[in-house]
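The values are calculated or read from the model by the stated rules, or taken from the named source; none is laboratory data. These numbers were taken from a predicted model, which means no experiment stands behind them. Note: ideal-geometry Cβ built from the backbone for every residue, glycine included; neighbour counts use all protein chains shown. Keep in mind that these areas ignore ligands, DNA and RNA; they rest on the heavy atoms of the full protein, side chains included. Shrake-Rupley method; radii C 1.70, N 1.55, O 1.52, S 1.80 Å.
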Amino acid sequence: MNYFFHNMRIGTRLALAFALILVLATIATGSALLAAQASARATEQMMEEPLAKERLVSSWYTNTYSAIARTSMIARSTDNTLSEVFAKAIADSVTRSTELIKKMEPLLTSPEEKAKLDSIKALRAKYQAAKVAVMDAKKAGDTAGAERLYASEFEPAAQVYSEEVQGLLNMQREAIDAANKAVQASFEQRARLVLLLNG
């Protein structure tokens, strides 16, 4: 074999070497394309569920924040008809939050997420009961009673409830950040492999 290459003309040797370089470059390019496709698929799979959960919790938090602000306005207003005016909006808000929780529940798979949701559901029940008590007092024209219930029952319940929903939202955002780091690490590893093949 050495004799064969030794007697080969320089032009033929250069042509073979160039052909070998082309083959290696093609392999490296193919590897890079496969790596890019795999990275894109991994990114899509890794981010799909965390993003879905984050959006659901974010919508829930926004809905909760609006409901707390609306109840605060009703409780502190001198207009006792506001609870009736906003009755449909309040009912729709409760329904919307319940729907979001139902959509979110099967997506929460870690023990930490499940425990957090269970805690929030208990706090939500207390918050809802306090809200109903404030609304009932306003409907009855008991402005002083509504103000008292707002300060002693609703406001602390709403604060703890909203903070816990925010905590669940933070948990989802941290999971997204961790997934992003994992994707980046995978990409860097594949990039090093491609550079090695091209080297």
Notebook entry, point to check: Where in the range 1-109 are the helices (runs of 4 or more DSSP H), entirely inside, with at least 3 residues that are open to solvent by 50 Å² or more (accessible area, probe 1.4 Å) and at pLDDT 75 or above?
Noted result: 10-76, 87-104
Item checked: Hits in the range 129-147 (condition: touching a helix residue (DSSP H, G or I) at 6+ places or on another chain (Cβ under 9 Å) and either β-branched (Val, Ile, Thr) or open to solvent by less than 40 Å² (accessible area, probe 1.4 Å) (or both)) -> Ala130, Lys131, Ala133, Val134, Met135, Ala137, Lys138, Thr143, Gly145, Ala146
